[in-house]
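A quick write-up on the structure given underneath.
The values are calculated or read from the model by the stated rules, or taken from the named source; none is laboratory data. Here the structure is a predicted model, which is why all the values come from computation and not from measurement. Note: ideal-geometry Cβ built from the backbone for every residue, glycine included; neighbour counts use all protein chains shown.
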Amino acid sequence: MSDTLVDYDEILTRYEPVIGLETHVELGTASKMFCGCATTFGAEPNTQTCPVCLGLPGSLPVANAAAIEATIRIGLALGCRIASWCRFARKNYFYPDIPKGFQTSQYDEPLCTAGHLDVEVDGETHRVEIERVHLEEDTGKNLHVGGATGRIHGASHSLVDFNRAGIPLVEIVTRPIPGTGAKAPEVARAYVSELRDIIQTLGASDVRMEQGSLRCDVNTSLAPVGSLEWGTRTETKNVNSLRSVERAVRYEMRRQAAVLDAAGRVLQETRHFHEDTGSTSPGRSKEEATDYRYFPEPDLVPVAPDAEWVEKLAAELPELPVARRARLQQEWGLSATEMAWLVNAGALGLVDATVAAGATPADARKWWLGELARRANDAGVELSELAVTPRQVAELTRLVAEGTINDQLARQALDGVLAGEGDPAQVVEARGLAVLGESDELVAAVEAAIAGAPDVVAKVQGGKVQALGALVGAVMKATRGKADAATVKRMLEERVVGG
Ligand SMILES: [Zn+2]
């Protein structure tokens with residue numbers, strides 16, 4: 001089934017998008033939300049379970065204090081109001097991956113409310129209002145076996161892994177975000193990116209989208225330009241990369257515009273995003289809150305954070321990404337545009353760490369945004385996924401600054417580092433990459449170049465000094481780039497033009 005799509009540039013002539021994001025973050029606590037089970041990712045299925053997280057009769061939950069603290073810190077970093085008293089609630093629904101027949105969540109009494117997060121896209125700031133940040137537990141994981149796709153269709157049977165059931169999950173819900181126009185997909189992406197950076201800075205989660213510790217549901221709706229009411233929204237579930245967030249919004253805008261153009265009605269439903277095609281397909285029609293028959297959880301005491309404790313947590317928040325960017329921009333003397341490049345390339349933390357390891361800011365930027373960005377791009381990976389550390393990049397820049405290697409040799413040294421041959425100095429040693437000094441080998445190469453090109457020598461001696469470049473090139477080639485060009489030029493001049 002393929003959807004009719006409207007050209008993206010055309011949509012905005014007729015419709016205004018409104019987006020909204022619900023982000024689930026698995027907290028990095030050592031134990032689960034309501035029991036003492038471990039939370040290690042990738043353990044053997046069903047080895048991290050107990051009567052509480054399996055929902056066995058008679059078991060009683062106890063709330064994880066570290067998870068409550070982490071949620072309050074996230075709320076504080078987003079400028080939220082922290083409840084002085086709130087409760088957990090049961091969200092009732094039946095699904096094989098929730099053993100209790102309900103999920104312990106928060107409903108009308110969330111821990112944090114009314115915050116905001118400013119995100120920047122192309123130099124423009126968009127304020128995203130945060131409606132609520134609440135705490136709940138994750139579900140288990142269904143595994144559909146026997147089919148080609150891992151989806152339930154075509155599977156012969158399904159298995160459930162309850163290791164994830166009960167891991168603390170923070171849900172961060174934005175208010176609807178109007179007024180983003182054509183930038184809606186980028187604002188959605190920038191929001192998730194900024195939120196991820198904040199949570200990482202807080203150390204509350206490893207926020208790995210590919211492992212599902214940060215998952216996004218993306219709401220999108222369109223309304224005719226000038227309309228006083230917003231359109232019907234769809235909710236695209238579990239979008240698991242920043243790029244996919246942007247693509248999911250873009251796709252839904254194009255699809256919904258076509259539905260509305262044909263005088264159709266956009267259905268309020270959840271949709272699935274498909275990485276391979278960048279498209280969405282219908283899931284279930286969306287439940288209303290009343291379908292879940294929420295009621296306060298009778299087995300847990302209310303959460304009543306002490307005001308002094310909350311103030312202390314607020315005072316102890318680390319430097320947040322926006323403040324850090326402002327500080328580094330000033331320290332490194334960058335323009336706003338240069339800073340934006342660095343951030344968009346995902347290089348800010350890497351450059352900072354490289355500078356901390358001893359490189360100059362200019363050198364660190366040059367390597368991460370130049371050679372390393374090119375290699376990451378060629379390999380189709382993020383900069384941070386390259387097999388080179390900031391410390392190794394700093395060492396590379398030091399070897400260049402000391403004159404042990406030149407830029408060309410440094411690129412070869414980098415080949416070795418990326419191939420797992422060790423640190424730059426080791427690779428330089430093992431591959432024999434050091435720049436040749438005025439050694440016998442270099443003298444021989446210079447003299448061979450002169451002997452091999454009497455016509456060029458004649459030209460230079462006849463006054464065409466720039467012809468010397470051909471000889472420099474010949475020496476560089478003969479020494480496989482290991483010579484220092486300035487030294488070679490000087491040695492040639494001494495011999496051809498006369499010192
Ligand atoms: Zn357990």
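Just one of the numbered conditions (1) assigned to a loop (DSSP other than H, G, I, E, B); (2) within 16 Å of the ligand (Cβ to nearest atom); (3) at negative phi; (4) surrounded by fewer than 18 Cβ atoms within 10 Å (Cβ to Cβ) is not true of residue 66: (1). Listed by first and then second residue, the pairs with beta-carbon distance under 8 Å, at least 6 apart or on different chains, first residue in the stretch 314-331 and touching a residue at least 24 places away in the same chain (Cβ under 8 Å) and at negative phi, second loosely packed, with under 13 Cβ neighbours inside 10 Å and in a helix (DSSP H, G or I), are 319/327.
Taken together, the criteria place residue 391 among residues that are touching a Ser or Thr at 6+ places or on another chain (Cβ under 9 Å) and within 23 Å of residue 353 (Cα to Cα). Residue count for the stretch 458-499 satisfying the condition of being under 22 Å from residue 436 (Cβ atoms) and free of Cβ contacts under 8 Å to residues at least 40 places away in the same chain: 19.
For the stretch 419-440, does any single residue satisfy the condition of being at pLDDT below 85 and touching a strand residue (DSSP E or B) at 6+ places or on another chain (Cβ under 8 Å)? Checked against the condition, which is being at pLDDT below 85 and touching a strand residue (DSSP E or B) at 6+ places or on another chain (Cβ under 8 Å), the stretch 419-440 yields at least one hit. If you check 58, 36 for being within 16 Å of the ligand (Cβ to nearest atom), over 24 Å from the mean Cα position of the chain (by Cα) and on the phi > 0 side of the Ramachandran plot, only one passes: 58. A single entry from 45, 51 fulfils the requirement of being touching a residue at least 60 places away in the same chain (Cβ under 8 Å) and either over 24 Å from the mean Cα position of the chain (by Cα) or within 17 Å of residue 101 (Cβ to Cβ) (or both): 45.
Can you confirm whether the stretch 73-90 contains a residue that is more than 31 Å from the chain's Cα centre (by Cα), surrounded by 15 or more Cβ atoms within 10 Å (Cβ to Cβ), among the charged types (D, E, K, R) and part of a strand (DSSP E or B)? Within the stretch 73-90 (the criterion being more than 31 Å from the chain's Cα centre (by Cα), surrounded by 15 or more Cβ atoms within 10 Å (Cβ to Cβ), among the charged types (D, E, K, R) and part of a strand (DSSP E or B)), the answer is yes, since at least one residue qualifies.
Report, by residue number, each residue of the stretch 139-169 that is touching a His at 6+ places or on another chain (Cβ under 7 Å) and away from the ligand (no atom under 16 Å from the Cβ). Correct list: 145, 146, 147, 150, 151, 152, 155, 158.
Kindly indicate whether residue 170 is in a strand (DSSP E or B) and among the aliphatic types (A, V, I, L, M). Yes: the conditions hold for residue 170. Within 16 Å of the ligand (Cβ to nearest atom) and in contact (Cβ under 8 Å) with a residue 24 or more places away in the chain: is that true of residue 76 in this structure? So residue 76 does not fit the description; no.
Restrict the check to the stretch 7-14 and report whether at least one residue is of a type in the set (Lys, Arg), away from the ligand (no atom under 13 Å from the Cβ) and modelled with pLDDT under 95. Among the residues of the stretch 7-14, at least one is of a type in the set (Lys, Arg), away from the ligand (no atom under 13 Å from the Cβ) and modelled with pLDDT under 95, which makes the answer yes. Selection of the stretch 91-115 for residues being in contact with a Cys (Cβ under 8 Å, 6 or more places away or on another chain), in a strand (DSSP E or B) and surrounded by fewer than 20 Cβ atoms within 10 Å (Cβ to Cβ) yields 113, 114.
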